[in-house]
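Worksheet: the structure to be examined is printed underneath.
Read-outs: derived from the displayed coordinates by stated rules, not from any lab. Remember, predicted model here, so these are calculated numbers, not experimental data. All Cβ positions, even for glycine, are placed from backbone atoms using ideal geometry, and neighbour counts span all protein chains on display.
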Amino acid sequence: MANLKFTYMDHWYVPTQRGLAEYYDSKSCFDRYCKALVGVGYQGLDIFQGRRGLVNLFGSLKNAEEFAQDRGIERFVNTFGGGRNAHIREAQDAGIKSFEAGLKAFEGIKIDNWVVCPGDRYYDVEPVTDEKLHNIADYWNRIGKMLASHGINLACHHEFFTATSRADELEKFYSWTDPQYVKFCLDTAQHTIAGLDPVALYVKYHDRTTAFHMKDTHHVDKRGDYRIPPDPEKGAATTERWFWEMGTPEGLVNWPQLWTAMKGCKYTGWVGIEHDKCEMKGANYQDSTCRGKWYIDNVLSKIYA
């Protein structure tokens, strides 16, 4: 699949005798993590913006990237995080200063996309008015322009429990943001849970799509779980596990249709694969990662070769 390269979003736990440990708990954990990803065919790594553990281990993210490169990872591709209170205009100047400070951690690293959730948790923003959506759009226009001056895309990612995740909110948000500075990150499961078709969204916004979080779900939120505090992904009674790897029989995302759409839109470059909270119900990240990549290599690769 020369047209596509795969980067792994860094949710990962390592089983130990004392329970689950995160991959940056030690250099040996990070070593095994990188080798496991390379072993099944991942070329890149996406990291959360606040990964202080990597800085503590290696002294800098640049040193951490070099460690990963020595184990076969091509580079850190994207980062995720940052941004609160975008709907509150008085808080925006402080938010921009926080982003500017956060950029310092990535000195010496080529990051393609800074992925963000543009809206806060839904229950913190309600009612989601046009005025608040305008504030959110204006704020991310400013952030996107600032990041573009550093050669980084701002890619907006819409979790099902955040403001801007409903269909009408998405429509307004992208009509009120500048496509030059505000790009789109397609999160297939999050959109599906919110009752939207990720394939149709990709086709609609393909010219703004610069990042992906590819994962599946077995559940659509039809009861308003997105309004449940403090965290609907962990606290909703309707499902123990929201997210699944690509290729499960019960999955709701039409992966062949999406790959066909990506081919039709001539997308090339990095595709982010994410296994989020798959430690639920006895599953584990290592198993999900292998199963998901097997599905890409043995089913989807026939579509976009």
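In the structure shown, the pairs LYS104/LYS172; LYS5/LYS234; LYS132/LYS222; LYS172/LYS263 are assessed against 29 Å; a Cα-Cα span above that value is assigned to LYS104/LYS172; LYS5/LYS234. With neighbours defined as other Cβ atoms within 10 Å of a residue's Cβ, the residues THR260, THR129, THR177 order from fewest to most as THR129, THR260, THR177.
When peptides 139-151, 228-240 are ranked by their average number of other Cβ atoms within 10 Å per residue, the highest-first order is 139-151, 228-240. Ordering CYS34, CYS156, CYS265 from the fewest to the most neighbouring beta carbons within 10 Å gives CYS265, CYS34, CYS156. Sorting 18-24, 62-68 by average packing, meaning the other beta carbons within 10 Å per residue, from highest down gives 62-68, 18-24. Look at where the Cα atoms of region 75-127 and of region 234-250 average out, and the two centres are 27 Å apart. Each residue of region 131-141 is assigned a 3J(HN,Hα), and the resulting list reads 4, 5, 5, 4, 4, 4, 4, 4, 4, 6, 4 Hz, derived from the Karplus form 6.51 cos²θ - 1.76 cosθ + 1.60 (θ = phi - 60°), x at Gly and Pro.
Among THR164, THR268, THR192, THR289, rank each residue by its count of other Cβ atoms within 10 Å, from fewest to most, as a rough exposure measure.
Numbers: THR164 29, THR268 13, THR192 26, THR289 22.
The fewest-first ordering by Cβ neighbours comes to THR268, THR289, THR192, THR164.
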